[in-house]
Amino acid sequence: MTLVKTNNPFARSFDGLMNDLFNELPAGFSKAVRQDVFAFPPVNIVEKADHYHLQVSAPGFDKADFNIKLEGENLTISAEKKEEAKSETDKVVRREFSAKSFKRSFTLDEKINAANISAKYENGILHVGLPKREEVKAVTKEIDIQ
């Protein structure tokens, strides 16, 4: 099958128009659109019996790129991957790899034991463990009626 590109706008499909639109925009504009769309990595929050488990999808980062900070009741997870300056002898026709960064903040409640928060980066997923505080168990006492 041979693909033929036409200049007739009425003969193009919607997908073809969208591809032409985004492929013909200036490189800086499409980069800005991509950064706005993908500025926040997706996060899963799982509640277990003794802790909460945050899973931040952040492929392409190294462990040293992350910064996790707890200020009061705000937990902030951020990462920045800087572009390395390399001298290239080849002509770059199109560059879509670039420096990446993000910042996500979560408000923690009084149930979280802030002193024991842990984090581990593995296979493109940042795992953050938020242990629950041991709640003071109410003393149950039976009172006799006289």
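The values are calculated or read from the model by the stated rules, or taken from the named source; none is laboratory data. Everything numeric in this text was worked out from a predicted model, so none of it was measured. Every residue, glycine among them, receives a Cβ derived from its backbone with ideal geometry; neighbour counts consider all protein chains shown.
Residue count for the stretch 107-129, restricted to those that are within 17 Å of residue 57 (Cα to Cα) and either out of contact with any strand residue (DSSP E or B) (no Cβ under 8 Å at 6 or more places or on another chain) or surrounded by 16 or more Cβ atoms within 10 Å (Cβ to Cβ) (or both): 5.
In the stretch 50-63, how many are out of contact with any Gly (no Cβ under 9 Å at 6 or more places or on another chain) and either closer than 22 Å to residue 114 by Cα or surrounded by 11 or more Cβ atoms within 10 Å (Cβ to Cβ) (or both)? Step through it out loud before you land on a result.
Here is the first cut: in the stretch 50-63, the residues out of contact with any Gly (no Cβ under 9 Å at 6 or more places or on another chain) are 50, 55-56, 62-63.
Within this subset, residues satisfying the condition of being either closer than 22 Å to residue 114 by Cα or surrounded by 11 or more Cβ atoms within 10 Å (Cβ to Cβ) (or both) are 50, 55-56, 63.
The qualifying residues number 4.
Residue check: residue 7 meets all listed conditions (1) at pLDDT 85 or above; (2) loosely packed, with under 11 Cβ neighbours inside 10 Å but one, namely (1).
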